[in-house]
1. So which residues in the range 96-123 are under 17 Å from the mean Cα position of the chain (by Cα) and not in a strand (DSSP E or B)?
2. In this structure, does GLY202 turn out to be of a type in the set (Gly, Ala, Ser) and in contact with a His (Cβ under 8 Å, 6 or more places away or on another chain)?
3. Testing SER94 on (1) in contact (Cβ under 8 Å) with a residue 40 or more places away in the chain; (2) farther than 29 Å from GLU193 by Cβ, one condition comes back false. Which one is that?
4. Only one of (1) in contact with an Asp or Glu (Cβ under 9 Å, 6 or more places away or on another chain); (2) surrounded by 15 or more Cβ atoms within 10 Å (Cβ to Cβ); (3) closer than 20 Å to SER94 by Cα is not met by ASP131, so which one is it?
5. Would you check which residues across the range 70-88 are in a strand (DSSP E or B), of a type in the set (S, T, N, Q) and surrounded by 15 or more Cβ atoms within 10 Å (Cβ to Cβ) and list them?
6. Could you please give the count of residues in the range 150-164 that are surrounded by 12 or more Cβ atoms within 10 Å (Cβ to Cβ) and more than 24 Å from the chain's Cα centre (by Cα)?
7. Would you confirm, using the coordinates I've provided, whether ILE122 is at pLDDT 95 or above, farther than 14 Å from PHE166 by Cβ, assigned by TED's automatic domain parsing to the domain that holds ILE185 and not hydroxyl-bearing (Ser, Thr, Tyr)?
8. Select from the range 137-190 the residues that are aromatic (Phe, Trp, Tyr) and assigned to a loop (DSSP other than H, G, I, E, B) and list them in ascending order.
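The values are calculated or read from the model by the stated rules, or taken from the named source; none is laboratory data. Here the structure is a predicted model, which means the values were calculated and not measured. Because the Cβ atoms are built from the backbone with ideal geometry, glycine has one as well, and the counts that use them run over all protein chains shown.
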Amino acid sequence: MIKRITFISFIGIIIIPLTVELFAYYVSSDRPVVSSSVGTSNLNELIRKNRTLKKGITGLSPKGFYIVIDTARNLIFLKEGNRTILKALVSSGSGNILRDPTGKREWIFDTPRGEFEVKEKIAAPKWIKPDWAFIEEEEDIPKNWEDRVEEGVLGDYALAFGNGYFIHGTLYKRLLGRNVTHGCIRVGDEDLETIYRFSRVGTRIYIF
């Protein structure tokens, strides 16, 4: 089961280490201090607690390779620890709403936010068109499964991360950097190949 985290929690993982670094600089810089045994003792205790806090926070950092997706700026990052392996433009969910003509169903095309993991790696993926794709194109929904299969629209690779969402390629490279998808993450060919190569089933994906 996918473990979701709130936006605030995810940002905390990023912001807290920076805060700790600033605090460490503050308490360890060459500043005038009270020249007393009490002042020195307090300062040493602060430094010791700071080191303990930094060690604890470091343990919360993802291990190995992981993926970070910024849907506001439409950027994807492939990272290993604090090192950025790749940074690239993507397209993410448009936020548009589609309603079934019968009024019984509604789809909101947002990219989900939270913590996910790669569930499956797929080479030469085929798109199994859902009902909304036919409704959007004002076509009849097919009764045969074979009529839903469409090849060549998802690029050379796809990474499934649950509930029908994928990181995949795109035919519409001119739209990279814009919020235009139905919720999936579209990536350019070369960048997608790199992300696919470094990812494994279980690789963490953080989306905010």
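1. Matches in the range 96-123: PHE109, ASP110, THR111, PRO112, ARG113, VAL118, LYS119.
2. no
3. In the conditions (1) in contact (Cβ under 8 Å) with a residue 40 or more places away in the chain; (2) farther than 29 Å from GLU193 by Cβ, SER94 misses (2) alone.
4. (2)
5. Across the range 70-88, there are no qualifying residues.
6. Qualifying residue count, the range 150-164: 2.
7. Considered against the rule, which asks whether it is at pLDDT 95 or above, farther than 14 Å from PHE166 by Cβ, assigned by TED's automatic domain parsing to the domain that holds ILE185 and not hydroxyl-bearing (Ser, Thr, Tyr), ILE122 comes out as no.
8. TYR172 - this is the single residue of the range 137-190 that is aromatic (Phe, Trp, Tyr) and assigned to a loop (DSSP other than H, G, I, E, B).
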